[in-house]
Amino acid sequence: MASGSSKSAALLLSVVNVALYFIILVIASWAVNHGIHLTHETASVLSIPARIFPIFFPMGNMATGFFVLFSLLAGVVGIATSLTALHNLTQWNVSNLHAAAASSVTALSLTLLAMGLACKEIQIGWTESNLRTLEIVTIIVSGTQLLCTGAIYSGIN
C-alpha cells in the first residue's frame, strides 16, 4: 500500500477541512439569513429582474448571491465529505480509499466553483468584511482540499 506519511497527511488535512468548511457554512448561512431578512425592504424598490430572485443580498455586489449560495452548498458537501473521508481513511484499505477519493473529488469540484465565484466577486469590487472573510476561507479551503485529494490519491497508488 502506501507509506504512513500519506495517511497522516490525508487525516490531518481532512480534520483541517472539517474546521474550514464549518467556518464557510456558518458565514454563508449568516449571509443567506441576512439576505432573506432584508429582501422585503430592499428589493421592493428594484426593477423587475432583481425582484424576481427570491433572495436579494444588500451587501456586496451582483456576484454575491451566486457566491454565497454556492459556498453554502460547498460547505455542506465539504463537511459531509470530510467526515466520511475521515472514517474511510482510518480504515486505510483499497475500497475505502477509492470511496474517499471519489467523495473528495466531488467536494473539490464544488469548492473550486465557489472559489471561482469568490475570485469574480473580488474582481468586481467592494464587499463587507464578513464576505471578505468568506472569500478568503473559500480560497484557502480550495487549496487544502486539493492537497487532501492529492494525498488520498497518492495513498491509492
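In this structure, is L134 under 22 Å from I27 (Cβ atoms) and either of a type in the set (A, V, I, L, M, F, W, C) or surrounded by fewer than 21 Cβ atoms within 10 Å (Cβ to Cβ) (or both)? Yes.
If you filter segment 59-110 down to residues that are of a type in the set (S, T, Y) and within 25 Å of I124 (Cβ to Cβ), you find that the one that is most open to solvent (accessible area, probe 1.4 Å) is S109. For segment 64-115, residues that are without any contact (Cβ under 8 Å) to a residue 60 or more places away in the chain, touching a Gly at 6+ places or on another chain (Cβ under 8 Å) and among the β-branched types (V, I, T) total 1.
Note on segment 86-128: residues that are of a type outside the set (S, T, N, Q) and within 18 Å of the chain's Cα centre (by Cα) amount to 19.
The values are calculated or read from the model by the stated rules, or taken from the named source; none is laboratory data. Predicted model only: the values in this text are computed from it and were never measured. Heads up, the Cβs are rebuilt from the backbone with ideal geometry, glycines too, and the neighbour counts pull from every protein chain shown. To get the accessible areas, we keep the full protein, side chains included, count just its heavy atoms, and leave off ligands, DNA and RNA. Shrake-Rupley method; radii C 1.70, N 1.55, O 1.52, S 1.80 Å.
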